[in-house]
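Worksheet for the structure shown next.
Every read-out reported here was derived from the displayed coordinates using simple, explicitly stated rules and does not represent laboratory data. Just so you know, these numbers come straight off a predicted model, no measurement behind them. Note that each Cβ is placed from the backbone with ideal geometry, even for glycine, and that neighbours are counted across all protein chains shown.
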Amino acid sequence: PKVARLTNFDENRMMLIWQRYISYCVPQELAEAMTMNYESFIAFLKGLGISERIGYYLYNAWDRDGNGSIEFKELALGIDVLLNKDYQEKLQFIFKLFDTNGDDTLSREEVERMLNCVLQLQERLAPRESKEEIDYIFTRHDKNHDDRLSLKEFQDGVARSKLLSEFYLTSIGG
């Protein structure tokens with residue numbers, strides 16, 4: 001009930017998430033603190049159709065206390081962002097997800113990792129297309145030419161990138 005108040009889920013939906021969560025907690029984790037390790041988290045996500053590559057980033061983003069495991073509250077808040085937040089909040093979440101060094105910008109390498117995940121999810125493996133898209137995004141949207149994208153530059157880039165906007169509109173809703 002406490003976690004439900006932090007999300008946009010009703011108690012029935014929260015109970016379904018809870019039941020699924022505990023079914024993926026491994027026995028030794030269940031006995032200790034009711035958490036998921038990386039492997040059980042990835043299995044949970046695969047059951048939802050989310051790839052391990054994206055799961056890696058979600059695991060690191062959702063482990064808010066940095067203890068190396070996912071508690072139920074962290075899972076529920078993460079799912080809430082994916083399912084219940086508006087488009088701009090989801091873009092902000094994705095920005096933070098791929099800002100792996102936490103400097104509030106995306107480097108070319110971080111954007112490349114993001115694009116490779118997008119291409120993998122779309123079952124398109126085209127490094128050339130990824131390189132061209134990165135060049136396009138940075139040429140058009142890196143306003144101060146520092147080879148880093150701010151959140152605003154990222155949002156503008158997604159809006160104008162055919163590859164990214166197509167992915168985000170179908171994957172996170174628009």
Calculated from backbone phi, Karplus (6.51, -1.76, 1.60) coupling profile of the range 142-150 in Hz, x at Gly/Pro:
7, 4, 9, 6, 9, 6, 9, 9, 6
Amide H contacts of R148 (H built 1.01 Å from N, under 5 Å, at least 5 apart or other chain)
none
Which FRET efficiency, nearest 0.05, do L151 and I22 yield, Cβ-Cβ r, R0 35 Å?
0.50
Residues meeting the amide H criterion for S69 (H placed from the backbone, H to H distance under 5 Å, 5 or more places apart or on another chain) are none
Cα-Cα over 21 Å: which of K2/K73; K73/K96; K46/K131; K46/K152?
K46/K131; K46/K152
Contour excess over end-to-end distance, with Cα ends at K73 and R13 and 0.36 nm allotted per residue:
20.2 nm
